[in-house]
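Q: Here it is, the structure in full.
The values are calculated or read from the model by the stated rules, or taken from the named source; none is laboratory data. As the structure is a prediction and not an experimental result, all values here were calculated from the model. Don't worry about glycine lacking a Cβ; one is built from the backbone with ideal geometry, like all the others, and counts go over all protein chains shown.
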Amino acid sequence: MPRDNQSMLTAEKVRRHRIREVLATAAIWISAVLVVAILIWILADIALQGLSHVSLAFLTEEVEDAGRSGGIGPIILSTFLILAVTLSIAIPLSLATAIALTERIGQDTWFSRTVRRCLDILAGVPSIVFGLFGNAFFAITLGLGYSILSGGLTLTCMVLPILIRTSEQAIASVPAEYRYAATALGLGRAATLFRVVLPAAVPSLMAGVVLSIGRALAETAALIFTSGYVVRTPESLLDSGRSLSVHIYDMAMNVPGGSSRAYATACVLVGLLLAINLITALLLGMAGLRRRTGLGATA
């Protein structure tokens with residue numbers, strides 16, 4: 001083939017490659033802008049319609065007139081109690097399971113693959129199914145009734161697949177060189193795990209916790225069947241309590257004239273989610289800075 005033809009073919013290939021790169025870059029930017037625009041649209045709509053109703057009295061007072069007046073103080077307390085029950089059980093169980101799958105049993109064994117397949121199936125189960133299960137098992141079989149404890153245990157079952165899988169990936173992503181270096185320094189398996197592997201996996205572990213908090217706070221269907229609708233201040237974990245998401249649903253669907261209060265409650269819920277994400281990011285940033293500073297000082 002003449003050299004001129006080869007040069008033309010090469011130039012054509014380069015041109016097509018550049019066009020594909022430009023199109024791919026444009027598609028990525030358009031997708032990113034669309035995602036940000038949708039988020040801004042949702043936040044702006046909630047803020048415009050509900051932020052004017054949010055006040056200190058709204059956050060602290062009792063619910064009155066089926067939610068048309070008063071505040072959401074008991075609902076915020078119930079939400080935090082449900083979340084506390086969920087995380088206090090889910091985090092230790094998920095971390096222990098992830099450690100077992102990665103450090104003890106092995107990632108490529110038949111048992112590990114079976115557990116992962118079951119977790120993936122559980123992660124795709126609709127929340128209403130978890131609600132029916134929680135009502136049948138926790139509320140009726142165990143006799144817990146409609147209570148914060150029943151709701152928290154049900155949410156634990158829901159977030160465990162997410163937490164276990166993210167924790168497993170976080171631990172597995174720690175470079176093997178870290179383990180080799182710890183072994184060379186004479187550390188045992190337990191010391192290596194708790195002093196080297198887990199600290200290195202903390203950012204990814206916290207990401208899984210934040211995702212789980214987001215799903216737990218936004219859950220509605222499962223809590224309707226387990227924690228109930230009661231709006232009074234709970235005195236114990238065995239009392240019924242309404243979460244923020246359930247309150248939004250009830251005000252928007254069942255209470256005439258309650259849409260403004262539903263938007264105000266949605267502002268509080270979104271604010272909590274944003275605050276949790278921001279605090280987590282700040283803590284991780286401070287921990288990373290402290291670790292780098294410490295390493296630099298040591299060097």
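Q: Tell me, yes or no, whether region 100-107 has at least one residue that is polar (S, T, N, Q), surrounded by fewer than 15 Cβ atoms within 10 Å (Cβ to Cβ) and free of Cβ contacts under 8 Å to residues at least 24 places away in the same chain. Let's see the steps before the verdict.
A: From region 100-107, those polar (S, T, N, Q) are 102, 107; that's our starting set.
Narrowing further to those that are surrounded by fewer than 15 Cβ atoms within 10 Å (Cβ to Cβ): 107.
Now drop any that are not free of Cβ contacts under 8 Å to residues at least 24 places away in the same chain, which leaves none.
Checked against the condition, which is being polar (S, T, N, Q), surrounded by fewer than 15 Cβ atoms within 10 Å (Cβ to Cβ) and free of Cβ contacts under 8 Å to residues at least 24 places away in the same chain, region 100-107 yields no hits at all.
Q: Restricted to region 47-91, and to residues that are outside any helix (DSSP H, G or I) and in contact (Cβ under 8 Å) with a residue 60 or more places away in the chain, which residue is nearest to GLY208 (Cα to Cα)? Spell out how you get there, then give the answer.
A: Here is the first cut: in region 47-91, the ones outside any helix (DSSP H, G or I) are 54-55, 61-64, 68-72.
Next cut, in contact (Cβ under 8 Å) with a residue 60 or more places away in the chain only: 54, 62-63, 68, 72.
Working: VAL54: 30, GLU62: 34, VAL63: 33, ARG68: 36, ILE72: 28 Å.
So the residue we want is ILE72.
Q: Is it the case that region 39-52 has a residue that's in the same structural domain as LEU237 (by TED's automatic domain parsing), acidic (Asp, Glu) and either touching a helix residue (DSSP H, G or I) at 6+ places or on another chain (Cβ under 7 Å) or over 30 Å from ALA170 (Cα atoms) (or both)?
A: no
Q: Further, regarding this structure: Yes or no: region 42-63 includes at least one residue that is acidic (Asp, Glu), surrounded by 12 or more Cβ atoms within 10 Å (Cβ to Cβ), within 30 Å of SER243 (Cβ to Cβ) and touching a strand residue (DSSP E or B) at 6+ places or on another chain (Cβ under 6 Å).
A: Going residue by residue through region 42-63, those that are acidic (Asp, Glu) are 45, 61-62.
Within this subset, residues satisfying the condition of being surrounded by 12 or more Cβ atoms within 10 Å (Cβ to Cβ) are 45, 61-62.
Add one more test, that the residue is within 30 Å of SER243 (Cβ to Cβ), and what stays is 45, 61-62.
Subset that is touching a strand residue (DSSP E or B) at 6+ places or on another chain (Cβ under 6 Å): 61-62.
Yes, because at least one residue in region 42-63 is acidic (Asp, Glu), surrounded by 12 or more Cβ atoms within 10 Å (Cβ to Cβ), within 30 Å of SER243 (Cβ to Cβ) and touching a strand residue (DSSP E or B) at 6+ places or on another chain (Cβ under 6 Å).
Q: Looking for whichever is part of a helix (DSSP H, G or I) and within 26 Å of ARG215 (Cβ to Cβ) here; the options are LEU198, LEU193, LEU144. Which one fits? Show your work before the answer.
A: Working: LEU193 fails: within 26 Å of ARG215 (Cβ to Cβ); LEU144 fails: part of a helix (DSSP H, G or I).
Going through LEU198, LEU193, LEU144 in turn, the sole match is LEU198.
Q: Identify all residues within region 237-269 that are without any contact (Cβ under 8 Å) to a residue 24 or more places away in the chain and in a loop (DSSP other than H, G, I, E, B); write none if there are none.
A: The answer is ASN254, PRO256.
Q: Let me ask something additional. Quick one: in region 201-231, which of the residues that are part of a helix (DSSP H, G or I) and of a type in the set (Ser, Thr, Tyr) is farthest from ILE148 (Cα to Cα)?
A: Residues of region 201-231 that are part of a helix (DSSP H, G or I), as a first pass: 201-218, 221-224.
Now drop any that are not of a type in the set (Ser, Thr, Tyr), which leaves 204, 212.
On the way: SER204: 29, SER212: 18 Å.
Only one residue tops the list, namely SER204.
Q: Scan ILE91, ILE76 and give me the residue that is modelled with pLDDT of 90 or more, crowded, with 17+ Cβ neighbours inside 10 Å, farther than 30 Å from SER260 by Cβ and among the β-branched types (Val, Ile, Thr). Step through it out loud before you land on a result.
A: Values: ILE76 fails: farther than 30 Å from SER260 by Cβ.
Result: ILE91 is the single residue among ILE91, ILE76 that is modelled with pLDDT of 90 or more, crowded, with 17+ Cβ neighbours inside 10 Å, farther than 30 Å from SER260 by Cβ and among the β-branched types (Val, Ile, Thr).
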